[in-house]
Every structure is written in C-alpha cells, then in structure tokens.
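Asks: Quick one: the structure is below, questions incoming.
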Amino acid sequence: MGFSRRQITRLKRVDGGMLCNSHPIRTVDSVSCGDVISLSEQEQASAEPNGSLAVGILYEDDYLVVFDKPPSMPCHESINHRGDTLSNFFAYHCPAAAFRCVNRLDKDTSGCVVIAKDRYSANRLHKSCKKTYLGIVSGIACGGGRICAPIARESESIIRRCVRSDGQYAATTFCVVKRSGRFALCRFVLETGRTHQIRCHTAYIGHALVGDDMYGEKSELIGRQALHCSSVSFTHPITHQTLTVNAPLPGDMKKLINEQG
C-alpha cells in the first residue's frame, strides 16, 4: 500500500493506530479475507486556528483539501505573520489534522494550494502533483517558448534567486493566452520546481511579472506580482484517479489584463 517502515513504526506506538475489525492488531498477526484494517494517526493542529480568514475551498474529501489562497496570505507562520496564514485557517477547518502543504506558494502568489490531511496522503501527493500558472508580463512579442536556465541562490540574499551557470537545472514552458496593450497573460508550466522559478525566468528573458518588485519593479496597477496558480492535477492517494482542480483568475489580475488597451 506504499506505507513506509517509519510510518508503520509510528502507528504501532499510537493507541488505536492499527486496528483489525475495530480491535488492536500487530504487524505479525494473520488476517483473513474480508477483514477491515484501519490505520489512524492521532495528530494536532500545528498552528492556532483562525476561522475569520477568507479562503475559498476548491475541492475537499477525507484525505485532502485544495484551497484558493488569496494574495497577501503566507502559507506558513513566521516571525512577521502569526494568525493570518493559510495554516491558521486550516487549523480551524481541520482541527484534528497537521498542516501538510503539498505545493507551497509565495505570500503574494494566489491560487491552488493542496493540503494533505495525513502523512500517507502527503507522501503520495508530493510525487504526482503538477501545477499550471497564469502570469501577466509586459512587452513580450513572441507567442510562447521554453526557458531553460539554471537557477541559484544569490550570495547576498537568502530569498532572492538568479540565473547562474552553477545553479540547479530549471526549465519553464509558456504560451501567451491573451494580449492587452503592452501586457500579455501567459500560461506557465514548470518542468522543474525551483524556488521563484517563474519569477526568476521571466526576469531573465527581460519580461518580469508585472508588479514583481523583487525581480522587476512595482506597479501602480497591481499591488503584488501578477502570478496565480490556476490549476493542479494529481493522482488521488486512495482512489488513484487523476483529478484536476482549477482556480479562477483573481480580481486584481483580471482587472489588469482586461483594462489595458
């Protein structure tokens, strides 16, 4: 079933962690056809719950939830963000589960974020999750292409990345979805998953995301980088079906691309 030795060891130590027909069972015990084996980890929320945050739910079942994360909301708590993160909303929404973020987004990037409700589902989802992004750039003339440029951490920063020959292999494909004046709405697919990959690659080709003040410049038209995780596709950890979940383009990006003539 894909459980690791470490997971099984943990379940052995949990009261009620391994059951056969609602009775405790050991890994060495025999079972029969028709027996129901239940595995359950007792967990606690990893952040203080906050139900006052406005977060849309795109999909949910017993094993995972896909949120539509708004911009300006971090995924995890930090020194500067306590109580206002996606982990705080998840703690309110699923108080019996730890926060396991399958695809973390930057604070100012909006869209699909997949959260696994248990360790087993998290391990499965990490291996299959594929993401598509929509971003708005300026001045691009071509209809699409592939950016293949290695990405490394800038020596003077723990956050900022740059294209450098000694960096890690990174590749991004993109196509223009819509043009409006000097702006273009592009669809991005990541072949690799480097930190700030789209932001770094678009800046590298001279067409940084609109509003990206780290790799480009601020914009009076939008208060963040114009980047949105528009869809995620993954193999469900239990049913093994392929699911695709979509998040609509947020209002600030929709306004930006529609009003530029």
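Just so it is clear, none of the values below were taken in a lab; they were calculated from the coordinates. Note that the coordinates shown come from a computational prediction; the quantities given were computed from them, not determined experimentally. Note that we place each Cβ from the backbone using ideal geometry, even for glycine, and neighbour counts take in every protein chain shown.
Asks: Based on the Kirkwood radius over alpha-carbon pairs, what value in µm²/s does the Stokes-Einstein equation return for the translational diffusion coefficient of the stretch 151-257 at 37 °C and 0.692 mPa s?
Replies: Values: Rh = 15.5 Å.
This corresponds to a translational diffusion coefficient of 212 µm²/s.
Asks: Over the chain, what is the mean sequence separation of C-alpha contacts under 8 Å (at least six apart), divided by residue count, expressed as relative contact order in percent? Numbers along the way, then the final one.
Replies: Numbers: 553 pairs, mean separation 40.6, N = 261.
That works out to 16 percent.
Asks: How high is the FRET efficiency from Ile57 to Leu19, r the C-beta distance, R0 35 Å, rounded to 0.05? Provide the component values of the computation, followed by the final result.
Replies: Working: r = 30 Å, r/R0 = 0.86.
In this case the efficiency is close to 0.70.
Asks: Rg and Dmax in Å for the stretch 1-151, alpha carbons only: what are they?
Replies: 19.8, 67
Asks: Using only the Cα atoms, what convex hull volume per residue in Å³ does the chain have? Mind dumping the intermediate values first?
Replies: Details: hull volume 40.9 nm³, N = 261.
So the per-residue Cα hull volume is 157 Å³.
Asks: What is the Cα centroid distance between the stretch 205-261 and the stretch 95-111, reported in whole angstrom?
Replies: Answer, in whole Å: 16.
Asks: Would you mind getting me the FRET efficiency between Ile205 and Val36? Use the beta-carbon distance for r and R0 = 45 Å, nearest 0.05. Provide the component values of the computation, followed by the final result.
Replies: Values: r = 55 Å, r/R0 = 1.23.
Efficiency for this residue pair is about 0.20.
Asks: Quick one: which residues, 5 or more positions from Leu227 or on another chain, have an amide H under 5 Å from its amide H? H modelled 1.01 Å from N in the peptide plane, none for Pro or chain starts.
Replies: Ser110
Asks: Moving to a separate point now. Convex hull over the alpha-carbon atoms of the stretch 77-219: what's its volume per residue in Å³?
Replies: Numbers: hull volume 20.1 nm³, N = 143.
Expressed per residue, the convex hull around the Cα atoms of the stretch 77-219 is 141 Å³.
Asks: I've got another one for you. Among Ser72, Ser138, Ser40, which one moves the most in a GNM of the chain with springs linking Cα atoms closer than 10 Å?
Replies: Ser40
Asks: Tell me the mean residue ellipticity at 222 nm calculated for the chain from its helices only (DSSP H runs of n ≥ 4, each -39500 (n - 2.57), averaged over every residue, nearest 500). Could you put the intermediate results ahead of the total?
Replies: On the way: 5 runs with 43 residues, N = 261.
Value at 222 nm, helices only, nearest 500: -4500 deg cm²/dmol.
Asks: Then there's this: Where is the GNM fluctuation largest for the chain (alpha-carbon springs, 10 angstrom cutoff): Leu39, Leu209, Leu185?
Replies: Leu39
Asks: What residue among Ala98, Ala226, Ala54 shows peak mean-square fluctuation when the chain is described by a Gaussian network model with Cα springs under 10 Å?
Replies: Result: Ala54 has the largest fluctuation of those listed.
Asks: Also, I was wondering about something else. Whole-Hz Karplus ³J(HN,Hα) for the stretch 190-203, in order, using 6.51 cos²θ - 1.76 cosθ + 1.60 and θ = phi - 60°, x for Gly and Pro?
Replies: Per residue, the Karplus-derived 3J(HN,Hα) values read 8, 7, 10, x, 7, 4, 6, 4, 5, 4, 5, 5, 5, 5 Hz.
Asks: Once both axes come from the Cα atoms, what is the angle between helix 119-128 and the longest principal axis of the chain, in degrees from 0 to 90, rounded to 10?
Replies: On a 0 to 90 degree scale, this one is about 40.
Asks: May I ask you to compute the full-extension gain from Val163 to Asn258, defined as 0.36 nm times their residue separation minus their alpha-carbon distance, rounded to one decimal in nm? Working shown, then result.
Replies: Details: separation 95, 0.36 × 95 = 34.20 nm, distance 3.16 nm.
Result: 31.0 nm gained on full extension.
Asks: Okay, next question. Each residue of the stretch 23-34 in order: what ³J(HN,Hα) in whole Hz does its phi give by Karplus 6.51 cos²θ - 1.76 cosθ + 1.60, θ = phi - 60°, with x for Gly and Pro?
Replies: With the stated coefficients, the stretch 23-34 comes to 10, x, 9, 9, 5, 8, 6, 7, 10, 10, 4, x Hz.
Asks: Scan the stretch 88-188 for trypsin sites (Lys or Arg not before Pro) in coil per DSSP, keeping those whose Cβ has at most 12 other Cβ atoms within 10 Å, and list them by number. Could the numbers behind the result be given before it?
Replies: Working: sites: Arg100, Arg104, Lys107, Lys117, Arg119, Arg124, Lys127, Lys130, Lys131, Arg146, Arg153, Arg160, Arg161, Arg164, Lys178, Arg179, Arg182, Arg187; in loops: Arg104, Lys107, Lys117, Arg160, Arg164, Arg182.
Passing sites in the stretch 88-188 are Arg182.
Asks: Something else: How large is ³J(HN,Hα), in whole Hz, for each residue of the stretch 102-110 in order, when computed from phi with the Karplus curve 6.51 cos²θ - 1.76 cosθ + 1.60 and θ = phi - 60°, using x for Gly and Pro?
Replies: Values, residue by residue: 7, 9, 5, 10, 4, 3, 9, 9, 9 Hz.
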